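Asker: Input: one structure, supplied below.
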Amino acid sequence: MTSVAIRGALFDLDGVVVAQCLDFMAIKQEIFGSTEGFILERIQGLSGAERVRAEAILEHHETGAATRCQPLDGIVPLLRQLDHYGVRLGLVTRNSRKSVDLIQARLRLPFSAIVTREDAPPKPAPDPILLACQRLAVAAHEALFVGDFEFDMLAGRRAGVRTVLLCNPLQPFSRNADHLIASLAEIPRLLGLPDRGVPA
Ligand SMILES: [Mg+2]
């Protein structure tokens, strides 16, 4: 059980809600001719035709991935369970609105708030987390954020929500995570809910 009742659960998209199908290295190589750094931050340093070209390449990869990606094991029943118990659900991603709309047209996941990079400065800034909380009408301290990368944990920590790292080989630990989990199946227990399923 938790000391503060959690009323909102926010999720990162890639690697948490859907299996990661973006090849960030290939995207960076195509845009910049090199693979260091982070895509959105490097694009912010471009201007004019270079920036237009870079954004078009990224959008092309994102929309392609959106038409192929599959939900991560366990996410659909988890969201259904949280929704059943009245937990408000939000999605916070660095991806584009267009790509998320394509995913939602296929998967129809029960998110009441979706924040994309068009809506706020991207993670690791706290802004998109705070905006999602605002849209769900929950206070930051009443929300948790589940992510699979350090930017997620940083954004969540800065926003004042409870941070949950879905551990993976590329991000097995974070000092900014309040909880480390190996599986989405551990989330109900963090909220003081039954381990699995929705009562009949
Ligand atoms: Mg991710």
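The values are calculated or read from the model by the stated rules, or taken from the named source; none is laboratory data. Everything numeric here is computed off the predicted structure, so don't read it as measured data. Because the Cβ atoms are built from the backbone with ideal geometry, glycine has one as well, and the counts that use them run over all protein chains shown. Remember, those area values only see protein heavy atoms, side chains included, never the ligands or the DNA or RNA. Shrake-Rupley method; radii C 1.70, N 1.55, O 1.52, S 1.80 Å.
Asker: Could you list, ordered by first residue, the pairs with Cβ atoms under 7 Å in which the first is in segment 149-165 and in the same structural domain as Val138 (by TED's automatic domain parsing) and the second is more than 12 Å from the ligand (Cβ to nearest atom) and basic (Lys, Arg), at least 6 apart or interchain?
Answerer: Close Cβ pairs (under 7 Å, with a partner that is more than 12 Å from the ligand (Cβ to nearest atom) and basic (Lys, Arg)) amount to Thr163/Arg157.
Asker: Are any residues in segment 185-200 assigned to a helix (DSSP H, G or I) and surrounded by fewer than 20 Cβ atoms within 10 Å (Cβ to Cβ), and if so, which ones?
Answerer: Those that are assigned to a helix (DSSP H, G or I) and surrounded by fewer than 20 Cβ atoms within 10 Å (Cβ to Cβ): Ala185, Glu186, Pro188, Arg189, Leu190.
Asker: Can you name the residue in segment 21-37 that is out of contact with any Cys (no Cβ under 8 Å at 6 or more places or on another chain) and within 30 Å of Ile187 (Cα to Cα) and, of all such residues, is farthest from the ligand (Cβ to nearest atom)?
Answerer: In this case the residue turns out to be Asp23.
Okay, residues lined up against (1) assigned by TED's automatic domain parsing to the domain that holds Phe151; (2) open to solvent by 40 Å² or more (accessible area, probe 1.4 Å):
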{"residue": "Glu41", "(1), (2)": "no, yes"}
{"residue": "Gly48", "(1), (2)": "no, yes"}
{"residue": "Ala54", "(1), (2)": "no, no"}
{"residue": "Glu59", "(1), (2)": "no, yes"}
{"residue": "Thr63", "(1), (2)": "no, no"}
{"residue": "Gly86", "(1), (2)": "yes, yes"}
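Asker: Turning to a different aspect of this structure: Looking at Ala182 and the list (1) surrounded by fewer than 18 Cβ atoms within 10 Å (Cβ to Cβ); (2) within 25 Å of His60 (Cβ to Cβ), which single condition is not satisfied?
Answerer: Here Ala182 clears every test but (2).
Asker: How about segment 109-140: which of its residues are within 16 Å of the ligand (Cβ to nearest atom) and of a type in the set (Lys, Arg)? Please lay out each step first, then the result.
Answerer: Initially, segment 109-140 is screened for residues within 16 Å of the ligand (Cβ to nearest atom), giving 109, 111, 114-117, 122-125, 128-129, 132.
Listed by number, the residues that qualify are Arg117, Lys123.
Asker: Identify, from the list Arg106, Arg53, the residue that is free of Cβ contacts under 8 Å to residues at least 24 places away in the same chain and away from the ligand (no atom under 16 Å from the Cβ). Write out each step before concluding.
Answerer: On the way: Arg106 fails: free of Cβ contacts under 8 Å to residues at least 24 places away in the same chain.
None of the other options fit; the residue is Arg53.
Asker: Continuing with this model, one more query. Go through segment 141-181 and tell me which strands (runs of 3 or more DSSP E), entirely inside it, have 1 or more residues that are within 12 Å of the ligand (Cβ to nearest atom).
Answerer: In segment 141-181, the matching strands (runs of 3 or more DSSP E) lie at 143-147, 162-166.
Asker: Filter segment 95-113 for residues that are open to solvent by 10 Å² or more (accessible area, probe 1.4 Å) and in contact with a Ser or Thr (Cβ under 8 Å, 6 or more places away or on another chain) and give the result.
Answerer: Residues satisfying the conditions are Asn95, Arg97, Lys98, Leu102, Arg106.
Asker: Go through (1) in the same structural domain as Glu186 (by TED's automatic domain parsing); (2) of a type in the set (Val, Ile, Thr); (3) open to solvent by less than 20 Å² (accessible area, probe 1.4 Å); (4) touching a residue at least 24 places away in the same chain (Cβ under 8 Å) and name the single condition Val76 misses.
Answerer: All conditions pass for Val76, except number (3).
Asker: Whether any residue in segment 149-168 is among the hydroxyl-bearing types (Ser, Thr, Tyr) and farther than 20 Å from Val4 by Cα is what I want to check.
Answerer: Within segment 149-168, not a single residue is among the hydroxyl-bearing types (Ser, Thr, Tyr) and farther than 20 Å from Val4 by Cα.
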